[in-house]
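The values are calculated or read from the model by the stated rules, or taken from the named source; none is laboratory data. What you are looking at is a predicted structure, and each value in this text was computed from that prediction instead of being measured. We place every Cβ from the backbone using ideal geometry, glycine too, and count neighbours over all the protein chains shown. These area figures cover heavy atoms from the full protein model, side chains too; ligands, DNA and RNA do not enter into them. Shrake-Rupley method; radii C 1.70, N 1.55, O 1.52, S 1.80 Å.
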Amino acid sequence: MTAPAKDFAAQPLPPWRRAVLKVGSSLLAGFADQSGGGLDPRYAAGLARFIEQARAQQREVVLVSSGAVAAGRSRIDAGGNGLVLRQALAALGQASLIAFWQQLSNVPVAQVLLTHDDLRNRRRYLNARASLRELLRLGALPVINENDTVAVDELKLGDNDNLAAAVASLVDADLLLIATDIGGLYSGHPQRDPNAKPIAKVAVVTPELLQAASGGAGALGTGGMRTKLEAAAKAATAGVATALFCGRDADVVAALATGTLHGTLVAARSDRLRARKQWLRHAPASGCLRIDAGAAAALHQRGASLLPGGVVAVEGEFRRGDVVELRAVGEGDEVLGRGLVQYNSVEVGRIKGRHSREIEALIGFGYGESVVHRDDLVLVGNDAAPSPAQAAADTAADAIGASPQSQSNEVLP
């Protein structure tokens, strides 16, 4: 029995262009008399339709899906619930989980397995982010799960709610959607407390709210409402709002495609674009790239990425993922911009002034065609009096929630 979603009045979703949708085991796991105990599409089909509708609206969705362990249990008769057994069951079930979502999707589905270590290691973080960015560019549906097969207790993210919050920051999402088996957040346990009231909006996730969070982990899941609020708090810190809704209610899921939420909205603590602009403007720089006039004009006028052909000189030593300053060659020390560099200082020294298609021939590999991607770049010159084009780009970016589709050259990671 689930709490009725009709308890929650309609409210608008925040503007978004890229969202992370988390779907838990309670919405996917079937029962022996209906699906052999494997994965059941009764609720997943509606969520897949929402993803398809979002794509038709030129929006992007990254899916964080549980269910591998449940799928594995349907393939082999194994009792118990120990960590090693769960790792083995996850390995057995991963292929079934991806095949399950592929059957429901009209676009190619890609499997991505992550651990906490992947997200705290700078190189792995950048590699994961680049791969996910490329999958979205290709029009695929990334399906992310925790790598239970190799994760151990100190490396596990703990549950897919918190994994989804980490992924929302990783992929520059505007919104985190958490599908659950309850209508949203209540003031008490809705199935035990007759006076429990729905909570439509949460401005800040406080310790008191976490303590009072209703619901516990289901028989097939690892996270109750508390972990969902913990995830929402982490997303809020990164400037991402979170919507909690009932994934079992077809009408509630269908309403999402119209920008309507019947559930709980946890507000972001700050605007994601402005927060990241601020960080990148003031983070310590590890080096400097001198760029030519053509590259400078492309950054300012078109919001372009910095390509190797526009780099004239490399100053300092830096690693991939470090912040570097961009300065025009021969024009003093005025900083034009700052960004996260895709190659280290030695590699940039080898590819500077060359065409992007020559990168792999010159250094033996490639992380993409840009030295600094436009999504990782902020312009810092003339802050007090931005050009009309720059002001329009910033306004457009704010209006759509700092979308990765924005043409602003100040969309940040």
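Residues in segment 282-331 that are open to solvent by 10 Å² or more (accessible area, probe 1.4 Å), in a helix (DSSP H, G or I), under 15 Å from Val378 (Cα atoms) and in contact (Cβ under 8 Å) with a residue 40 or more places away in the chain: Ala296, His300, Gln301, Arg302. For segment 355-404, the set of residues classified as within 26 Å of Leu135 (Cβ to Cβ), outside any loop (DSSP other than H, G, I, E, B), open to solvent by 40 Å² or more (accessible area, probe 1.4 Å) and modelled with pLDDT under 85 consists of Ala396 only. Among residues that are of a type in the set (D, E, K, R), at pLDDT 90 or above and open to solvent by 40 Å² or more (accessible area, probe 1.4 Å), Lys197 is not included. In a residue-by-residue description of segment 334-348, the property of being aromatic (Phe, Trp, Tyr) and surrounded by 21 or more Cβ atoms within 10 Å (Cβ to Cβ) applies to at least one position. Which residues, taken from segment 197-215, are touching a residue at least 40 places away in the same chain (Cβ under 8 Å), touching a strand residue (DSSP E or B) at 6+ places or on another chain (Cβ under 7 Å) and assigned to a loop (DSSP other than H, G, I, E, B)? Result: Ala200, Val205.
Residues in segment 347-362 that are without any contact (Cβ under 8 Å) to a residue 12 or more places away in the chain and among the aliphatic types (A, V, I, L, M): Ala361 alone.
Of all residues in segment 297-317, those satisfying the criterion of being under 30 Å from the mean Cα position of the chain (by Cα), modelled with pLDDT under 95 and of a type in the set (A, V, I, L, M, F, W, C) are Ala298, Leu299, Ala304.
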